[in-house]
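Data first, discussion second: the structure below is written as structure tokens.
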Amino acid sequence: METLNYLLPQVWFIILALFLFLYVMLDGFDLGVGILSLTSSDDERRGILMTSLSNIWDANETWLVLMAGGLFGAFPLAYGTILNALYIPIFVMVFGFIFRGVAFEFREQANRKLFWNFAFGAGSFSAALGQGFALGAVLKGINVDEAGHFIGTTWDWLSLPSVLVALTLIQGYVLIGSTYLIWKTTGELQETHYKTAKIAAWTTLIGAILITITTPIIYENARFRLFQQPLVYIFAIIPVLGVVLIWQLLQSLNHKEEIAPFLWTILLFGLSFIGLGLIVFPYIIPNKINIYEAAADPSSLVIMLIFIGFLIPVMLFYNLYQYIVFRGKVTGNNYGE
């Protein structure tokens, strides 16, 4: 039983990390495309961007729902504390989801699409911004009492480091959104997103470098973790791999490859998640609440694990099936080959 109590929280930490990664990877390009729609010069371009998402974006957000439900069931203490501390960023994110969802449907029926076009882009930006602030606040650490309950203020999530994380995450979403559109579009529109992908790659790299430099300076727990043996060697390799992946991404963009930029970007996101996971573990709220303190009863974790064991393959198959069925390019009269 003691071994089970030790292993189950770790298994659920990995499962939740997987859910979060799949959400960021899949819904990240949704949000990136939405943000890019704000820069579209005409309605036909914007229509192509939105059509590229029309059959897949609902399923992509399912991973966020699974992660929230899994966090509630597996680590209820962390769930309650995080929601209390991040009420405003989470509200901004949910409001953005609602706004973009309504705009997506209403735009198709509206005679005048200007407002709904803006609503879709603004909703996407708001959702990404809320997520960035939430991530920055969690990495910073949440003020809790001895029982693990939130004792901070309403605006604890707002700080210069969280602003940097939020802006970098938005750039990352624009990058993966641009590479997705390179894959899905042709002609002049594709050329445009080769350019936006290059710009987003550089801005994301700059943001990542600033976060890498400032994190050990600002956060004592991160500094201790980064220089802990033997993790210091892994953390030394991650930035090198990141530079290699960015180089490969830029080379694929220069060579006008279509699928490779999207794949290199996914690898970049995956590498970032590995780094974040190693910094945070074993804390579910960095340096405040660890996974063993926040974990639910072992019997509950086992029952949930059985259920999730059936659900994950179904969800993965459903996502894969969608991309196979709706593969191919999205074109318009003026932006095709």
Hull surface divided by four, with the convex hull built on the Cα atoms of the stretch 1-130: how many nm²?
-> 8.6 nm²
Would you check the chain for Lys pairs whose C-alpha atoms are within less than 22 Å, ignoring same-chain pairs closer than 8 in sequence, and give me the count?
-> 10
For the stretch 91-138 and the stretch 235-284, what is the separation of their Cα centres, given in Å?
-> 27 Å
Accessible solvent surface per residue of the chain, calculated while the other protein chains remain in place, 1.4 angstrom probe, Å² = 50 Å²
Between His255 and Leu267, what length in nm is gained on full extension when 0.36 nm per residue of separation is reduced by their alpha carbon distance?
-> 2.4 nm
In Å, the Kirkwood hydrodynamic radius from C-alpha pairs for the stretch 118-224 sits at 15.6 Å
What is the packing order of peptides 266-272, 284-290, 148-154, 179-185, taking the mean over residues of other C-beta atoms within 10 Å and listing the highest first?
-> 179-185, 284-290, 266-272, 148-154
Which one of Phe104, Gly132, Asn60 is farthest out on the positive end of the charge dipole of the stretch 30-153, using unit charges on Cβ (Lys, Arg +1; Asp, Glu -1) and the Cα centre as origin?
-> Phe104
Net length gained if the chain between Tyr6 and Ala236 were fully extended (0.36 nm per residue, minus Cα distance) = 79.9 nm
The FRET efficiency for Lys195 and Val314, from their Cβ-Cβ distance with R0 = 51 Å and rounded to 0.05, is 0.85
Quarter of the Cα convex hull surface for the stretch 145-205, i.e. its orientation-mean projected area (nm²) | 6.2 nm²
With the full set of protein chains in place, find how many percent of the accessible area of the chain is carbon and sulfur; take the probe as 1.4 Å.
-> 70 percent
Nearest-0.05 FRET efficiency for Glu108 and Glu188 at R0 = 22 Å, using Cβ-Cβ distance, is 0.40
For Asn287, residues with placed amide H under 5 Å, excluding near neighbours | none
What is the extension gain from Phe118 to Asn84, computed as 0.36 nm multiplied by their sequence separation minus the C-alpha to C-alpha distance, in nm to one decimal?
-> 9.2 nm
Based on DSSP H runs of at least 4 residues, each adding -39500 (n - 2.57), what is the mean residue ellipticity at 222 nm of the chain after dividing by all its residues, to the nearest 500 deg cm²/dmol?
-> -26500 deg cm²/dmol
According to the Kirkwood expression over distinct Cα-Cα pairs, how big is the hydrodynamic radius of the chain, in Å?
-> 20.9 Å
For the stretch 245-337, with the dipole built from +1 on Lys and Arg beta-carbon atoms and -1 on Asp and Glu ones, taken about the Cα centre, which of Ile279, Tyr323, Phe269 lies farthest toward the positive end?
-> Tyr323
Could you give the dipole magnitude of the chain about its Cα centre, charging the beta-carbon of Lys and Arg +1 and that of Asp and Glu -1, in debye to the nearest 20?
-> 560 debye
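The values are calculated or read from the model by the stated rules, or taken from the named source; none is laboratory data. As the structure is a computational prediction, the values presented were derived from the model and not from experiment. Cβ coordinates were reconstructed from backbone atoms using ideal geometry, including for glycine residues, and neighbour counts include every protein chain displayed. Ligands, DNA and RNA are stripped out before the accessible areas are found, and what is left, the full protein with its side chains, is counted by its heavy atoms. Shrake-Rupley method; radii C 1.70, N 1.55, O 1.52, S 1.80 Å.
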